[in-house]
Amino acid sequence: MNTAKIPFRDVPYLPQTLDVTYRDDGSIILRNGLPLRPHPPHMLAPMVYWGAIDPDRLWLAQRDPVDPSQPGWVKITYGEALSEIRRLAQGLLNMGAGPDTPLMILSRNSVEHGLVMYAALWCGVPVVPVTPAHATLSQDFTRLTFIDELVKPKLIYVDDGDLFQRGLDGMDVGDRPVIYARNAPNCTHPVALHSLLETDPTRAVHLAYDRLNSATVAKYMMTSGSTGTPKAVINSHGMIAANAKMIRSIWDVDRLDALYGDQQQVMLNFLPWSHTYGANAILHSITDWGGALYIDWGNPTPAKLPEMLRNLKDVSPTQHTTVPAAWAAIATALEEDRTLAEVFFSKIMVMAYGGAAMGQDIYERIQAVAVDVTGQRISLAAGYGATETAPTTSNVHWPSDKMGLIGLPVPGCEMKLAPVGEKLECRVRGPHVMPGYLDAAATTAAAFDDEGYYMLGDAVRFVDPADPNKGLAFDGRIAEEFKLSSGTWVSAGTVRVKALEAIDGPVSDLVICGLNEDYIAALAFLNEGWCSKHLGHTCTLPDLAVDSTIKALISDRLSTYNQNYPAPSARIRRIALQCTPPLIETGEITEKGYLNQARVRDLRAADVDVLYDGSSSDRMIHL
């Protein structure tokens, strides 16, 4: 279905304005012409506000933690949450908690996780949310112990003592208190979460709140470590509070009220709170809205996809933000399940993606269902940022039908496009940018240029250099560039994005190879749902990887790509189709759903070797 001429559902965005300054040194300064709305100095203000004026307003909901298969949701309101946060804060203060006692959180997203996090923030305690896989799936706990030694948390929270026992043993908790929600861990000082709720808040809780300010450390957010060892990014209360309002400053509040009245914003989301996307762009932003967040314990992996779809069928979101891997799965489900489509599109205003590039094919399929169900298209656009920027620096704040954009800076963010070789590197400054990395003065200094702009390391380009208002597109990682044996430079990020656009459907992602080799090659991960639908029957990945129809389709589309980009710096000569998906537990794919390119190449070195040793394989495509 061609939906291009069908109007978008009215999105109450303010009109796009952009200030552009071209400098003599070749750099370009971009500023959003809209003002940044006033923001509170710390993250607890929205909770106090909504808990006071509308205590019965829903904050968080989750499935039954003991038996998630049960119908219905376990819910907590803003009023209930505020009361429990203050009680927990008193319990933490009684344990000596404060700015010098970081709290490590080992937990999936949950109501209890949210309460503990906000209680710690209330006390001025820096929170250290850690990817649960580091403590449950790791064999040697290298990442976990590295984080433990770097941040030196004095308190630890686990949602399930049994589940995280190996991790606790691996990091040697000693006599540090371990707070737990369920199943007491075997340690010297276990503390039941419910016991911290037994004391009424005293004056000390009020004083702790009064001491919070914009410079107070809220979190140490760990980077993924895809370019080395993880770094602890200092997230202040002010940068997170400001970023929530930067995102909301593009909305026309009066028109939003006129269109939707006092309808509460509702989201369903699985993105982990151990990452900035899920923790700040989702959890805290929806709290700033006074919205309701339904916690999704599903995800787009084969094992967890049924749960994700079950939850989508049970909740009608007003906004839906997730990663491209999830959108790919959702597209197939919407096409196959009319009831799901009607629930999903009944209240939704906007949709968004981040973390990786998304193919145009996925967008078109989702819009086709949206038009069939509602008669309108729904805005589906991207955001862009980093752990160091809390995270959002730019987004597409206008209805757009083109994937691959990162938009334009949000209000309050000043963006510099700085020439680096033949590319323009994206650099930013504003109230949402980190003060630095923990105990890493040299690394912090190297992350900023001489004007104080944080250097993201990503290259960007104008979609239309003659009209900057059409937005920016990702143009590869500066650090992803490598040389072929001929000395030719390759921008791996650019090759990956353009090749995925050309393939558009059967392949979900590519890993670009070729360092010190004679030509560019790639490992390709297949889009199982798309390929099965194309063939007209369900196929496993091993079968798809050798299927002649799928291989011919990919070969034809990549041949067209090579005709358009024939230079050695872009032409792809070989593709190895993968018969197993990238795995979270091995570090190939992050919890946010994007590939760690270097990790995939390391773990699949045998396939990389086949790309270059002259041998053949049924899973190989020669171009």
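The values are calculated or read from the model by the stated rules, or taken from the named source; none is laboratory data. Owing to the predicted nature of the structure, the values given are computational and were not obtained by experimental measurement. Methodologically, a virtual Cβ is constructed for each residue, glycine included, from the backbone with ideal geometry; neighbour enumeration extends over all protein chains shown. Surface accessibility is based on the protein's heavy atoms, side chains included, excluding ligands, DNA and RNA. Shrake-Rupley method; radii C 1.70, N 1.55, O 1.52, S 1.80 Å.
Any residue in the stretch 84-93 that is under 27 Å from the mean Cα position of the chain (by Cα) and either in a helix (DSSP H, G or I) or of a type in the set (A, V, I, L, M) (or both)?
Narrowing the stretch 84-93 to residues under 27 Å from the mean Cα position of the chain (by Cα): 85.
Those still in the list that are either in a helix (DSSP H, G or I) or of a type in the set (A, V, I, L, M) (or both) too: 85.
Scanning the stretch 84-93, I find at least one residue that is under 27 Å from the mean Cα position of the chain (by Cα) and either in a helix (DSSP H, G or I) or of a type in the set (A, V, I, L, M) (or both), so the answer is yes.
Only one of LEU523, LEU544, LEU603 is buried (at least 22 other Cβ atoms within 10 Å of the Cβ) and without any contact (Cβ under 8 Å) to a residue 40 or more places away in the chain; which? Can you show your working first?
Details: LEU523 fails: without any contact (Cβ under 8 Å) to a residue 40 or more places away in the chain; LEU603 fails: buried (at least 22 other Cβ atoms within 10 Å of the Cβ).
None of the others qualify; the one that does is LEU544.
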Out of ASP262, ASP296, ASP252, report the one residue that is under 18 Å from TRP59 (Cα atoms) and in contact with a Phe, Trp or Tyr (Cβ under 8 Å, 6 or more places away or on another chain).
ASP296
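Rundown of residues vs (1) aliphatic (A, V, I, L, M); (2) over 30 Å from LEU305 (Cα atoms); (3) surrounded by fewer than 22 Cβ atoms within 10 Å (Cβ to Cβ), yes/no style:
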| residue | (1), (2), (3) |
| --- | --- |
| VAL369 | yes, no, no |
| VAL410 | yes, yes, no |
| GLU414 | no, yes, yes |
| ARG429 | no, yes, yes |
| HIS432 | no, yes, no |
| GLY436 | no, yes, yes |
Do any residues in the stretch 72-90 that are in contact (Cβ under 8 Å) with a residue 40 or more places away in the chain have Cβ atoms under 6 Å from those of residues that are assigned to a helix (DSSP H, G or I) and β-branched (Val, Ile, Thr), where the two are at least six apart or on different chains, and which pairs are they?
ARG86/VAL205; ALA89/VAL205; GLN90/VAL205
Flagged in the stretch 530-539 as open to solvent by 70 Å² or more (accessible area, probe 1.4 Å) and either of a type in the set (A, V, I, L, M, F, W, C) or in a loop (DSSP other than H, G, I, E, B) (or both), in numbering order, are HIS537, THR538
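So, in the stretch 300-313, of the ones that are in contact (Cβ under 8 Å) with a residue 40 or more places away in the chain and either touching a His at 6+ places or on another chain (Cβ under 6 Å) or assigned to a loop (DSSP other than H, G, I, E, B) (or both), which residue ends up most open to solvent (accessible area, probe 1.4 Å)? Lay out the reasoning, then the answer.
Within the stretch 300-313, the subset in contact (Cβ under 8 Å) with a residue 40 or more places away in the chain is 300-302, 307, 311-312.
Within this subset, residues satisfying the condition of being either touching a His at 6+ places or on another chain (Cβ under 6 Å) or assigned to a loop (DSSP other than H, G, I, E, B) (or both) are 300-302.
Numbers: PRO300: 40, THR301: 46, PRO302: 107 Å².
Checking each candidate, the answer is PRO302.
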Identify all residues within the stretch 567-580 that are open to solvent by 50 Å² or more (accessible area, probe 1.4 Å) and more than 14 Å from ILE621 (Cα to Cα); write none if there are none.
PRO568, THR580
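Among the residues of the stretch 289-299, write down those that are in a loop (DSSP other than H, G, I, E, B) and farther than 18 Å from PRO65 by Cβ. If you could, list the steps in order and put the result at the bottom.
Within the stretch 289-299, the subset in a loop (DSSP other than H, G, I, E, B) is 290-291, 296-299.
GLY290, GLY291 - these are the residues of the stretch 289-299 that are in a loop (DSSP other than H, G, I, E, B) and farther than 18 Å from PRO65 by Cβ.
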Result of the Cβ filter at 9 Å on the stretch 362-384, keeping first residues that are farther than 26 Å from VAL410 by Cα and partners that are among the aromatic types (Phe, Trp, Tyr) and open to solvent by 40 Å² or more (accessible area, probe 1.4 Å), at least 6 apart or interchain, is GLN376/PHE8
Would you mind stating whether GLY476 is under 14 Å from GLN597 (Cβ atoms) and either open to solvent by less than 40 Å² (accessible area, probe 1.4 Å) or aliphatic (A, V, I, L, M) (or both)?
yes
Scanning the stretch 459-494 residue by residue, the ones that are free of Cβ contacts under 8 Å to residues at least 40 places away in the same chain, charged (D, E, K, R) and within 28 Å of ILE234 (Cα to Cα) total 1
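Restricted to the stretch 119-157, and to residues that are at positive phi and open to solvent by less than 40 Å² (accessible area, probe 1.4 Å), which residue is modelled with the highest pLDDT? Before the answer, list the steps.
Kept after step one, since they are at positive phi, are these residues of the stretch 119-157: 124, 141, 152.
Restricting the remaining residues to those that are open to solvent by less than 40 Å² (accessible area, probe 1.4 Å) gives 124, 141.
Working: GLY124: 98, PHE141: 91.
The residue in question is GLY124.
With the structure loaded, tell me whether SER569 is farther than 27 Å from GLU588 by Cα, in contact (Cβ under 8 Å) with a residue 40 or more places away in the chain and not hydrophobic (A, V, I, L, M, F, W, C) or whether it fails that test. Even if it seems obvious, please write down each step before you answer.
Working: farther than 27 Å from GLU588 by Cα: no; in contact (Cβ under 8 Å) with a residue 40 or more places away in the chain: yes; not hydrophobic (A, V, I, L, M, F, W, C): yes.
No, not satisfied.
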